[in-house]
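This report concerns only the one structure given below.
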Amino acid sequence: MNNIELERGSLLINLKCPECGAEYDAAVSNTVCLNDACKSTLFAHYDLTQYLDKAILKDRPANMWRYHELLPVIHPENIVTLGEGFTPIIPLENLKQAAIGNEVFWKDESGNPTGSFKARGISAAVSKAKEIGIKAIATPTAGNAGGALAAYAARASIKAIVYMPKLTPKVFKDECRLYGAELVEIDGNISDCGKLINEHAIANNWFQISTLKEPYRLEGKKTLGFEIAEQFNWQLPDVILYPTGGGTGLIGIWKAFDELEQLGWIDSKRPRMVAVQSESCNGIVTAFNGGHHISEFADGGFTIANGLRVPKPYADKIILKVLRDSKGAALTISDNEMSDAIKEIARNEGMLIAPEGAALWQAYKKLKASQWIQPGEQVLMINTGSGYKYLENIDI
Ligand SMILES: *Cc1c(COP(=O)(O)O)cnc(C)c1O
Ligand SMILES: [Zn+2]
């Protein structure tokens, strides 16, 4: 057992552009593909021809670094961890009546450090930044990424700079300040934060980890896919519902399944992936349903689901490709519906979940009613965060 563990380090080879195929050295800092024609998100590329036995997982710790061969950190002492990942799969209990014919589960990410699945991506990105020798990291955020960056940067003794919309609930700002990050409040949405931080980062030599413009947050979020496979005993569910902001989790889960198939740990059967957006930012839904390959900027203003207020995801092309390749779907949910679902789930299931996660329950009910989800299918909803940070947004 231990022999196998000690002998294998990360199988990372380099970074690759999924669009033009250009390759980049992973030992230095990278952002997106330098080819102006694509400027695509870069994907970490591993040597998956190596024989790796699932048995290595048996005695590993219950966090996302149990898959360290398939993560980008070369020297384990650079791993910055607060115990993120290996979150529970929780079946519906009292709401089973509304889901007759299906087995429906949550993957509940609310127990992660700082209360959301952002911890996964940020743990990976901060670890790799530490390995490369980066001293200051900046990010625009709709809320949860800022808190996670602030916490992991504190742990790594790296400076964190966070740009957040003024309209974000206070708790998201307070946690950043408590973790010692420099917080800048912006009059606008996450796109406005992104534009400003970009200018300031260049002037100040901050490394930016904006969603999918940096390669390693995706690697952390990818571990969701590894865990889903492992927790479902290497037989994937039929449908996965995902609340889509920038799309990191959706793309990451898909990448994970591909890597597991190359290792021979799962077969070629894939879930149908469903992107759920807020009515306020529906660019992916419009593009998917219209048969387009990129999305248009769409910002209808405030939504209680901060994480879904992303007017134009940087990796929209890749999100849309995953939805198509998986024979998936895309739909929007209103703030009122999210609010209702939060209350319904809290009263019936004893779970106080984020509005982003609550949107999935409404999406499930719609897809079941329209028979897009069929009797006998297994359905997994990713509850991406805790509802406790959003109480200010909910009319109780
Ligand atoms: C960030 C966030 C999302 C969206 O995640 P992406 O990877 O940007 O698609 C969903 N839910 C919560 C709670 C979030 O914090
Ligand atoms: Zn490229």
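Answer yes if at least one residue in the range 300-307 is in a helix (DSSP H, G or I) and either within 17 Å of GLY249 (Cβ to Cβ) or among the aromatic types (Phe, Trp, Tyr) (or both), and no otherwise.
yes
Would you mind stating whether TRP361 is crowded, with 23+ Cβ neighbours inside 10 Å and in the same structural domain as ILE228 (by TED's automatic domain parsing)?
yes
Inside the range 22-132, counting only strands (runs of 3 or more DSSP E) that do not spill past its ends, which hold 1 or more residues that are surrounded by 19 or more Cβ atoms within 10 Å (Cβ to Cβ) and outside the structural domain of ASN144 (by TED's automatic domain parsing)?
43-46, 103-108
Is it true that ASP174 is without any contact (Cβ under 8 Å) to a residue 12 or more places away in the chain and not polar (S, T, N, Q)?
yes
Pairs please, first residue from the range 231-254 and modelled with pLDDT of 95 or more, second anywhere and within 16 Å of ligand 2 (Cβ to nearest atom) and among the charged types (D, E, K, R), Cβ atoms under 8 Å, 6+ apart in sequence or on different chains.
GLY247/ASP316
Where the second residue is of a type in the set (Phe, Trp, Tyr) and in a strand (DSSP E or B) and the first is over 18 Å from ASP335 (Cβ atoms) and at pLDDT 95 or above and lies in the range 268-288, which pairs have Cβ atoms under 8 Å and are six or more apart or on separate chains?
So the pair list comes out as MET273/TYR242; VAL274/TYR242.
Residues to consider are ALA363, ALA369, ALA359, ALA354; find the one that is of a type outside the set (D, E, K, R) and away from ligand 1 (no atom under 14 Å from the Cβ).
ALA369
Test each condition in (1) within 16 Å of ligand 2 (Cβ to nearest atom); (2) among the basic types (Lys, Arg); (3) over 21 Å from LEU250 (Cα atoms) for LYS39 and report the one that comes out false.
Condition not satisfied by LYS39: (3).
The values are calculated or read from the model by the stated rules, or taken from the named source; none is laboratory data. Remember, predicted model here, so these are calculated numbers, not experimental data. Glycine gets a Cβ as well: all are built from the backbone with ideal geometry, and neighbour counts include every protein chain shown.
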